[in-house]
Every structure is written in structure tokens, then in C-alpha cells.
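Student: After the C-alpha cells below, expect a handful of questions from me.
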Amino acid sequence: MTDLSCSALRYEYPGGVRALEGVDLVISAGERVAIVGQNGSGKTTLVRHFNGLLRPTEGRVLVGNLDTQTTRIAKLAAVVGLAFQDPDRQIFSGSVEAEVAFGPRNVGLRGAELEASVREALGSVGLDGERQTNPYDLGYSRRKLLTIASVLAMRTPIVVLDEPTTGQDARGIRTIRSIVDRLAAEGRTVIAISHDMRFVSESFSRIVVMRGGRIVSDGTPADAFAEDGWPLLRSTNLEPPFAAVVGARMGLGPTPTDRAVVDALVARSSGVG
Amino acid sequence: MLRLEGVSYRYAGATGKSLRDVDLSLADGEVVGVVGPSEAGKSTLSLVASGLAPRAIGGTLEGRLLIDGEDVSGQPMHELAPLVGICFQNPLTQLSQVADTVFEEVAFGPLNLGIDRIEVARRVTRSVEALGIGELAERDPRRLSGGQIQLVAVCGLLAMEPRHLVLDEPTAQLDPEGKRLVSDALLSLAAKGTAMIICEHDTDLLAQVCSRIVALDAGQIALDGLTAEVLANPRLEELGVQPPAPVSLRRALDRAGLKVALPA
Amino acid sequence: MLTAASAIVLGGVFWPLLIVAVAVLVPAVVAGVLPTLLRYVVIFSLPLALSALIVNLFFLPGAQTVLFRIGPITATAEGLSFAVEILARIAAISGAVTLFYLTTKPSELVLDLERRGVPPRLAFVANASVQTVPAMAERAAAIVAAQRARGLDTEGSFVRRLRGLLPIVGPVVLGSIGEVEERSMALEARGFTRPGRRSLLWSPADSGAQRLSRWVLVIGFVGLVFARTGGWI
């Protein structure tokens, strides 16, 4: 069971920019956490500490019992898979298959196990029919799904996705939501950075809101998108999802998703709540 | 007035056609939204409507592109630039890289057209003010946020004073703040009567700006009608387009048998 | 540029050092780039300077006067003086080149060239290529991060790291190619391919003083060459 924890984490970039000003965060194995906040709030800096790409200026980050300060990135990559936002700053192989096999091979998978991991990953993003295709013959949104598959194939207990739904159409978003569901069902931890409040409220059970290098709120979607939380969201340039706004206007209590609105109305009309 | 008549297009070296027999017209002052799943042909449509396909990228075009009633197939790209402007989704690749200030960046297009520099300066000032980015005029465009760069790119197009604008997923790679900046700009352009074709996944944005919506599927037009009608059409979701949030909520309520009216 | 050439032409120690002082250090102070200049010059010339020093100090053929010995190798006075001459020249040349690089804005240089008749598209390519270097460096860094996150070992043996180059070089090049197509479309959409001259918003300021000093430098240089070949200095 791999938990992830940050204690009093501070980070300052070489030029002097203070990106994290004291973050305490514990993510237990199997949680689904979304990290949201405006540009510059520290989200990207934070997740880069999870696999050792960045090392704390002060404080500590523990992945399981590995201290990222003293562990090689290549070793942490076998525990925390991080899929970046821009597929074109990652894809280098001439075929979808080779691209997906790169990660798992680096972390030591071979033979039948390697083949199985590649096959599963391709299946989960719907690219199993494109094994020999050149990645650049795929459109942007499928290239993005490819980069996610490349990380899934590494079979890491913790998976971090940076803006997975940006540039995706409805089908792509559905695919990503089913990936998040499946990872959670397998007991793997899923962490995502996203600015899509709808995606976040529908697929994650915990929302961490960041601003100015700090965590300013940490709770369920219902907590995060309840009406009294809106000023905080707006202070970090976020808007609550439509369902939450409608629910508030109709006096239904916290309704972060369409489903929640339906449930609240059903409860109200049957005289409950 | 911009029109695609019976347009089919095949990319150079491709086996199939990316657009098949498309008829689309954009009247003066109209704002038309184009939706569709990825790889349905939205970008191809934008490239054809702006003239870049086939002029800049080759490929085979059948059918006609008519601007203000004239078939422009014989005209080279630089003659089309003042008629149709096109904005892409990646803000960074639209910067010329040779401008040290936003002012120079916006001036790039008209300067290329050989317009006299006093007139260029006037146009730049006008477009920059039209989009409300006056205070960015002296900044280095490469250091701006994604949303701001998109605004600069649109200004750069406006400075050539085209009567039609084509925007290919202008907010796809932007964060919420950038999306807001660009949406507001598009709203104000629409209010000023600029004819625009906007390709987007964000149907909430299109709902605010467009009078008409066209849905593409596998290179063909599947739906074409008034915004409210098309966005509420169940076929849209089947095509792989996420309807605007109010429509989704409405559907969820209908499925649960709740006939509640939603607040405006 | 002429400064650099002069340093080569002149012999001895004194003249190159004088040139360094006048034509490099003084303008550097005026332009406010002296510390940066010194830093760059030291960093870039150090390897060359060190090797020149060592080779000449110890191995100058025909040198007689011994200064000291280290084991089987002998340091000579002639070697030292020759080495110092070379170092002075290196300082002058690298100083001049660095000064040029630090004080000239690529966009201004290119704009001026365009004004003098260089075809706009050529001027653009020159300008844009220089400007995209920082963006490419940033791209490369992002790519390295993404590959390391997939377990690419950048901290292992040399051979390992060499093998690790492809996943980095690949996307840097490929991504750039993909971007090039998008960029060129955007340029075409802004009338870039229109034949003929384009208008210029402004031309870099070219004062009388600058023009005069350019002529002085050219004449001075020609004079130096004559003087040297004529054996006067």
C-alpha cells in the first residue's frame, strides 16, 4: 500500500520564485484526488515533487517509505507514473506500440508481462487497433490518450495525470473518466490536475484547491462546490460547475454534479430532506 | 459573405477525403459554430475556409470557396489574407517570433501586405483597443499567458481588416482565465458584427456567441440549424459532442422523470 | 568585428591589450554589460587560453631560458612571453565577439539589414531562428522531464545516458517539425508570402556619430594593416 505524503513542503525555483509555501498533504493508497487552482498556484510544481523531478527546498516528500530527496527519479518512476500535458513533448517512437512499451521497459517489465501491460494500456484508451500507427498520424486528442496509455502501462500504484481532458472531445473525456474509474477499482491512487470543474466533480472524491503555493481547501466535491466555498474558488480563478450553481439557486444544498441535483430533487419531492 | 460550395478535400498523401461535399455559408455579421468529435473535419474545414488548404499545404480541393460572391480559387494566399483571417488553437505557434512588443506583433500582418506604416499604426491601435489589450501593447508577446497570446493573435488578424474570421478551437489549450478572456473578446466581436466561423468543443461558449451551429461527422455536415435547436438535439451527443451544461442537466432530469423548471 | 581582426594583425602584447581596453572594455562599461562580458569571456576562452598557456610555456620549440622544471618538463621564458601574447589576442577577440553579441539586438540587426535591401523572408529566417533558441531550450527541458518521469535513466552510466538521448532528441526535432508546419501556416495566413518589399514600422537609429565611428574604424583598420606589413609596428 503506497501512501504519499508531503510535510511542510516548500519549493523555490532557481530564479528565486517561491512556488510552494508550506504544503502538508497526505494521499492514502487508492484515493481519487483532483488538484485545482489558477495558473501559478503551485499545482504543477507540487506534482513534480511526487516522482522526484523536483526535490523539496524545505520539508519532505515520502512515497511509501521512499524519501524523494534521496531516491533516484528512475526508481520513483516505478511507483509514481506522471503523464504530462503536452503529448508532443514526449512522443518519440515511430509506432504506438513502441511508444507505450518505453515506460514499462524502463521500470523492468519484460517478455509476457511487458506485452500484457502494453496490450491492457492500449485497450483502456481505445488504441488497440493502432499498434503500428505512427503517433503523428493520430490527431491531437488521440496522441494525448497515447501518452496516458504510456504511463498506465508502467503499472505504477500511483498515477498522476496533468490536465488529461484538455483538447479532448466527448468520447475522449468519457475514456478518461473510465480510466480513472478503473484505476480506482484496482486500488491504485489517481491524482489529476485539471481546470475542468465538471470532470473533477464527477470523477473524483477529493478536491484540493491551491492558491499562492498553498492548499486553501481540501475536501469532497460537495464541500468544494458548496455555495459558501464559491468566493474561495473565485479567488483562485475557478467557477463552480453549473449543477452546483443551479442547486444553490433552487435551495437544494450542495449539488456538485447533475446526479446530485437529480437526487436532491427526488429527495425533496418525496418529502425527505 | 463566405461560402463553401460542394467542397471535398483530401490531404496530400492521404487515402480518404477529410471533407465530403460540404455546403456552408456565412453571411455578413453571422457567427456560426462548428462542432464535432475529434478528427471529424473541423480543422480541415477551417483550413479550406481560410484558403490555406490547398494553397499552403497542398492536397486536392473539389468544389468552390466563394468570398463575397467571387470564386477565389485562382488567388494566392496573400490576397486572401485581407479577406479571411484564421486563428489556431496553439497560441505559441501563431507568434511571428520576430516582434519584441505586442504592437509590432499585431503590425506584422499589415506590414507584410505592404501597407503604409502610418496606416498600419492606426490599424494596430484600433484592433488593440477593440479587444481591450491596450495595456499590453509594449509587452513582449512571448511572455504573456496563453489567453493573452490568443488575443494578440486575433488582433493581428483584425489588423488586416478581414471581413471574415475563422477560429479553429481558439480556447482548447487555455485555462479558465484564458478561456474567459477569449470568450469575452469573441462576444464583443460578434456584437460589432464580425462574421465568424468558430470551431469548438466548448458548447457552452458557442451557446453564448453563435446564431447558428453546424455539426460535422466524418467530414460531412450532420446538423445545421439555429443554436438552441442544434445544441438541444439528442443526435449531438450520439455524434460525440458534449452538449452545454444546461442541456446535460435537463436531460438528466428528464431521464429521472422530473419535470422541474430550471432557474434562468 | 574589426577589433577582433585588428588583434590578429598586430603583434606583441601591448597593442592587443590597448585594443581590448579601448574598443572592448570602454564600450562594455558604457553599455552596462561589463560584468556579464567578463564572465562570458572567461568561461568561453578559459579552455583555449589554458591550453595555449601550457603548450607554449612548456613546449615552445627553440626556447632557451629556463624558468623552472616539473619533472621532465621545462618551462621557458620565451614560452611564457609567447603565451602571454597569444592570451592577449584571445582576450581581444573573444572580448570583441562577446561585446557584439551582448550589445546587438538580433531584431534590430535584421531590421537594419532588411532596410538595406536584404529580402524580407531571408531576414525573417535569420531573426526567427535566433529568437526560437530559448524556446527550444525550454522545450528540451520539458521533454527531458517527461521522459525521466517514464523511467529514463539520466543519472546512470555514460552508455546508458547516451542511449537515453533518442527519446529526448526525437521529440525536440519532431515536435519542432510539427510546429514548423503550424507556424508556416500562421505566417502565410498573415500575408508572409506576398512577393516584394514589406513596410517597416521603424528603422534602428543610426546617428551621425555611429556612422562616423564606423568609417573611422574601417580606415583605422586599413591603416593598421599597412603599417604592419610595412614593418612600422
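Student: So A:M1 fits all but one of (1) at pLDDT 95 or above; (2) surrounded by fewer than 18 Cβ atoms within 10 Å (Cβ to Cβ); what number is the exception?
Tutor: A:M1 satisfies every listed condition except (1).
Student: Going by the structure shown, is A:G103 facing another protein chain (nearest Cβ under 8 Å) and either in contact with a Ser or Thr (Cβ under 8 Å, 6 or more places away or on another chain) or in a helix (DSSP H, G or I) (or both)? Spell out how you get there, then give the answer.
Tutor: Working: facing another protein chain (nearest Cβ under 8 Å): yes; either in contact with a Ser or Thr (Cβ under 8 Å, 6 or more places away or on another chain) or in a helix (DSSP H, G or I) (or both): yes.
When the stated conditions are applied, A:G103 passes them.
Student: Consider B:F108 against the criteria (1) within 7 Å of chain C (Cβ to nearest Cβ); (2) outside any loop (DSSP other than H, G, I, E, B); (3) under 25 Å from B:E200 (Cα atoms): it satisfies all of them except one. Which criterion is unmet?
Tutor: (3)
Student: Has region C:132-143 got any residue that is more than 25 Å from A:P87 (Cβ to Cβ) and surrounded by fewer than 17 Cβ atoms within 10 Å (Cβ to Cβ)? Reasoning before the result, please.
Tutor: Taking region C:132-143 as the starting set, the residues that turn out to be more than 25 Å from A:P87 (Cβ to Cβ) are none.
Checked region C:132-143: no residue is more than 25 Å from A:P87 (Cβ to Cβ) and surrounded by fewer than 17 Cβ atoms within 10 Å (Cβ to Cβ).
Student: Step by step: first the residues of region A:236-273, then only those that are farther than 18 Å from A:S194 by Cα and among the polar types (S, T, N, Q), then the one that is nearest to the chain's Cα centre (by Cα). Which residue is that?
Tutor: So, considering only residues that are farther than 18 Å from A:S194 by Cα and among the polar types (S, T, N, Q), the one nearest to the chain's Cα centre (by Cα) is A:T255.
Student: Only one of (1) under 21 Å from A:V159 (Cβ atoms); (2) touching a Phe, Trp or Tyr at 6+ places or on another chain (Cβ under 6 Å); (3) assigned to a strand (DSSP E or B) is not met by A:T45, so which one is it?
Tutor: Result: A:T45 fails condition (3) only.
Student: Further question: Within region B:240-254, track down each residue that is more than 7 Å from every other protein chain (Cβ to nearest Cβ) and either among the aromatic types (F, W, Y) or under 20 Å from the mean Cα position of the chain (by Cα) (or both). Give the steps one after another, and end with the answer.
Tutor: Initially, region B:240-254 is screened for residues more than 7 Å from every other protein chain (Cβ to nearest Cβ), giving B:243-244, B:247, B:250-251, B:254.
Result: B:P243, B:P244.
Student: Hey, another quick one. Just give me the residues in region C:61-79 being surrounded by 15 or more Cβ atoms within 10 Å (Cβ to Cβ) and either touching a Phe, Trp or Tyr at 6+ places or on another chain (Cβ under 6 Å) or among the small types (G, A, S) (or both), in sequence order. Please lay out each step first, then the result.
Tutor: Just the residues of region C:61-79 that are surrounded by 15 or more Cβ atoms within 10 Å (Cβ to Cβ), to begin with: C:63, C:74-76, C:78-79.
C:A63, C:A75, C:G79, listed by residue number.
Student: Sticking with this structure for a sec: Any chance you could count how many residues in region A:261-272 are under 17 Å from A:A222 (Cβ atoms) and either facing another protein chain (nearest Cβ under 9 Å) or surrounded by 22 or more Cβ atoms within 10 Å (Cβ to Cβ) (or both)?
Tutor: Within region A:261-272, residues that are under 17 Å from A:A222 (Cβ atoms) and either facing another protein chain (nearest Cβ under 9 Å) or surrounded by 22 or more Cβ atoms within 10 Å (Cβ to Cβ) (or both) number 5.
Student: Please pick out the residue among A:G37, A:G15, A:G30, A:G42 that is modelled with pLDDT under 90 and not β-branched (V, I, T). Give the derivation first.
Tutor: Working: A:G37 fails: modelled with pLDDT under 90; A:G30 fails: modelled with pLDDT under 90; A:G42 fails: modelled with pLDDT under 90.
Checking each option against the conditions leaves just A:G15.
Student: Right, next: Do you know which residues across region B:111-157 are within 13 Å of chain C (Cβ to nearest Cβ), surrounded by fewer than 23 Cβ atoms within 10 Å (Cβ to Cβ) and either at positive phi or touching a residue at least 60 places away in the same chain (Cβ under 8 Å) (or both)?
Tutor: B:G114
Student: Could you list, in sequence order, the residues of region A:130-149 that are among the polar types (S, T, N, Q) and either in contact with a His (Cβ under 9 Å, 6 or more places away or on another chain) or under 18 Å from B:G36 (Cα atoms) (or both)? Steps first, answer last, please.
Tutor: So the first thing to find is which residues in region A:130-149 are among the polar types (S, T, N, Q), and the list is A:132-134, A:141, A:147.
Answer for region A:130-149, where residues must be among the polar types (S, T, N, Q) and either in contact with a His (Cβ under 9 Å, 6 or more places away or on another chain) or under 18 Å from B:G36 (Cα atoms) (or both): just A:S141.
Student: Considering every residue within region B:84-105, establish whether at least one is in contact with an Asp or Glu (Cβ under 8 Å, 6 or more places away or on another chain), away from every other protein chain (no Cβ under 11 Å) and aliphatic (A, V, I, L, M).
Tutor: The answer is yes; a qualifying residue exists.
Student: Considering only region B:18-72, state which residues are assigned to a loop (DSSP other than H, G, I, E, B), surrounded by 23 or more Cβ atoms within 10 Å (Cβ to Cβ) and among the hydrophobic types (A, V, I, L, M, F, W, C).
Tutor: Hit for region B:18-72 is B:A40, nothing else.
Student: I've got another one for you. Only residues that are of a type in the set (V, I, T) and closer than 16 Å to A:T147 by Cα: list them for region A:73-88, please. Break it down into steps so the answer makes sense when it comes.
Tutor: If we filter region A:73-88 for residues that are of a type in the set (V, I, T), which is where we start, we get A:73, A:79-80.
Passing the criteria: only A:V80.
Student: Looking at region A:211-254 only, could you name the residues that are away from every other protein chain (no Cβ under 14 Å), under 30 Å from A:S7 (Cβ atoms) and not in a helix (DSSP H, G or I)?
Tutor: Of everything in region A:211-254, those that are away from every other protein chain (no Cβ under 14 Å), under 30 Å from A:S7 (Cβ atoms) and not in a helix (DSSP H, G or I) turn out to be A:G212, A:G213, A:R214, A:I215, A:V216, A:S217, A:D218, A:G219, A:T220, A:A226.
Student: I want to confirm something. Restricting to region B:74-88 and keeping residues that are surrounded by fewer than 24 Cβ atoms within 10 Å (Cβ to Cβ) and within 13 Å of B:L47 (Cα to Cα), which single residue is nearest to the chain's Cα centre (by Cα)? Explain how you work it out, then say what you get.
Tutor: Of all residues in region B:74-88, those surrounded by fewer than 24 Cβ atoms within 10 Å (Cβ to Cβ) come to B:74-80, B:82-83.
Restricting the remaining residues to those that are within 13 Å of B:L47 (Cα to Cα) gives B:77, B:80.
Numbers: B:M77: 18, B:L80: 16 Å.
Checked region B:74-88; the qualifying residue nearest to the chain's Cα centre (by Cα) is B:L80.
Student: Looking at region C:125-168, which of its residues are closer than 30 Å to B:N112 by Cα, facing another protein chain (nearest Cβ under 7 Å) and in contact with a Ser or Thr (Cβ under 8 Å, 6 or more places away or on another chain)? Lay out the reasoning, then the answer.
Tutor: The first filter runs over region C:125-168 and keeps only residues closer than 30 Å to B:N112 by Cα, leaving C:125-139.
Next, from what is left, pick out any that are facing another protein chain (nearest Cβ under 7 Å): C:127-128, C:131-132, C:139.
Scanning region C:125-168 gives C:N127, C:A128, C:Q131, C:R139.
Student: Something else: Take region A:181-210 and flag every residue that is farther than 16 Å from A:F50 by Cβ, of a type outside the set (S, T, Y), surrounded by fewer than 21 Cβ atoms within 10 Å (Cβ to Cβ) and away from chain B (no Cβ under 11 Å).
Tutor: Correct list: A:D181, A:R182, A:A184, A:A185, A:E186, A:G187.
Student: Another question, then. Kindly list, by first and then second residue, each pair from a residue in region A:137-165 that is in contact (Cβ under 8 Å) with a residue 40 or more places away in the chain to a residue that is of a type in the set (D, E) and buried (at least 24 other Cβ atoms within 10 Å of the Cβ), limited to pairs with Cβ atoms under 7 Å and residues at least 6 apart or on different chains.
Tutor: A:L146/A:E99; A:S150/A:E99
Student: Going through region A:202-222 one residue at a time, which ones are over 19 Å from the mean Cα position of the chain (by Cα) and of a type in the set (D, E)? Step through it out loud before you land on a result.
Tutor: Going through region A:202-222, the residues over 19 Å from the mean Cα position of the chain (by Cα) turn out to be A:212.
None; the set is empty.
Student: Another question about this same structure. State whether one or more residues within region A:49-61 are within 29 Å of A:P240 (Cβ to Cβ), at pLDDT 95 or above and within 14 Å of chain C (Cβ to nearest Cβ). Spell out how you get there, then give the answer.
Tutor: Residues of region A:49-61 within 29 Å of A:P240 (Cβ to Cβ): A:49-50.
Those still in the list that are at pLDDT 95 or above too: A:49-50.
So of that shortlist, the ones also within 14 Å of chain C (Cβ to nearest Cβ) come out as A:49-50.
Scanning region A:49-61, I find at least one residue that is within 29 Å of A:P240 (Cβ to Cβ), at pLDDT 95 or above and within 14 Å of chain C (Cβ to nearest Cβ), so the answer is yes.
Student: Okay, moving on. Could you tell me which of the residues A:V26, A:V80, A:V33 is surrounded by fewer than 18 Cβ atoms within 10 Å (Cβ to Cβ) and within 18 Å of the chain's Cα centre (by Cα)? If you could, list the steps in order and put the result at the bottom.
Tutor: On the way: A:V80 fails: surrounded by fewer than 18 Cβ atoms within 10 Å (Cβ to Cβ); A:V33 fails: surrounded by fewer than 18 Cβ atoms within 10 Å (Cβ to Cβ).
Checking each option against the conditions leaves just A:V26.
Student: Further question: Could you check region A:83-100 and list, in sequence order, the residues that are free of Cβ contacts under 8 Å to residues at least 60 places away in the same chain, more than 8 Å from every other protein chain (Cβ to nearest Cβ) and surrounded by fewer than 24 Cβ atoms within 10 Å (Cβ to Cβ)?
Tutor: Applying the first criterion (free of Cβ contacts under 8 Å to residues at least 60 places away in the same chain) to region A:83-100 yields A:86, A:88-89, A:91-100.
Then drop every residue that is not more than 8 Å from every other protein chain (Cβ to nearest Cβ), which leaves A:94-100.
If the condition is that a residue be free of Cβ contacts under 8 Å to residues at least 60 places away in the same chain, more than 8 Å from every other protein chain (Cβ to nearest Cβ) and surrounded by fewer than 24 Cβ atoms within 10 Å (Cβ to Cβ), then A:G94, A:S95, A:E97, A:A98 are the ones that fit.
The values are calculated or read from the model by the stated rules, or taken from the named source; none is laboratory data. On a predicted model such as this, the values are computed, not experimentally measured, just so you know. Heads up, the Cβs are rebuilt from the backbone with ideal geometry, glycines too, and the neighbour counts pull from every protein chain shown.
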